[in-house]
Amino acid sequence: SGGEPAWNSQVEAEIESSLPQARVVVVGAGDQGIASRFEKAVLQVLEVLQRLMQDKPKGDVLVQLAVPLAGEDALFGGLSGLLKTARLEQPRLKCQVVGFDAQTGASEIVTQLAESARFGQQEVRYSGGKRQVAAWRPLPSDAARQMPWRDGGVYLITGGAGGLGLVFAEAIARGAK
């Protein structure tokens, strides 16, 4: 049932009534700039995750972050890194980022969240009504042999103070053409 704006109190009410076991927390709301809203969202999600971890769940706990695929609010998909880290620290947390089209209606968002919960992938998006899942695939063998380094190129290596930076720098220097 598309047509209405993507996220509003109707969507919250629909989720809470259709998924009674769910607790809805809206993060990053407000009329400040996107930078302030993103910072607020990070702190809100962190607080929710910390509370869940402090509860030491005996069973799995599903955390879904529903984000639009377009517009400045699509930046909230960047919270996936925080969710992945939380899952590493507490394996009982099953975290997902679920992207949806801007004009997706409340009942369709509920359907997408429920469907995503059944499959368990960490990053899912629904574009044009079709479910898409982020996945890795190997490069063709000939592409793996072609290094992107070039003679005279400038490459920034961050971290690596324990010696890996030097290993990467030497590999880049050998591979430059």
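The values are calculated or read from the model by the stated rules, or taken from the named source; none is laboratory data. Computed from a predicted model, the values in this text were never measured in an experiment. Neighbour counts run over all protein chains shown; Cβ positions are idealised from the backbone, glycine included. Ligands, DNA and RNA are stripped out before the accessible areas are found, and what is left, the full protein with its side chains, is counted by its heavy atoms. Shrake-Rupley method; radii C 1.70, N 1.55, O 1.52, S 1.80 Å.
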With a 1.4 Å probe and all protein chains in place, put 89, 16 in order of accessible area, largest first. 89, 16
Counting only residues 5 or more apart in sequence or on a different chain, those whose built amide H sits under 5 Å from that of residue 123 are 97, 134
Over the chain, what relative contact order in percent results from Cα pairs under 8 Å that are six or more residues apart? 22
Nearest-0.05 FRET efficiency for residue 23 and residue 92, computed from C-beta distance (R0 22 Å): 0.85
Rounded accessible area per residue of region 1-85, 1.4 Å, Å²: 59
Considering only DSSP beta bridges whose two residues both sit in region 51-177, what percent are antiparallel, to the nearest 5? 25
Any chance you could get the radius of gyration and Dmax over the Cα atoms of region 1-88, in Å? 13.9, 40
Listed residues 97, 42, 167; largest mean-square fluctuation, Gaussian network over the chain with Cα springs below 10 Å, found at 167
Semi-axes of region 118-166 from the Cα gyration tensor (sqrt of 5 times each eigenvalue, largest first, whole Å) come to 34, 18, 12
First measure r as the distance between the Cβ atoms of residue 161 and residue 132, then evaluate 1/(1 + (r/R0)^6) with R0 = 41 Å and state the FRET efficiency to the nearest 0.05. 0.60
Work out from phi, with θ = phi - 60° and the Karplus expression 6.51 cos²θ - 1.76 cosθ + 1.60, the ³J(HN,Hα) of each residue of region 157-164, listed in order in whole Hz, and give x for Gly and Pro. 10, 9, x, x, 5, x, x, 5
Obtain the nm distance between the two label points defined at residue 107 and residue 172 by a simple spin-label model: each point lies 7 Å from its Cα along the Cα-to-C-beta direction. 5.4
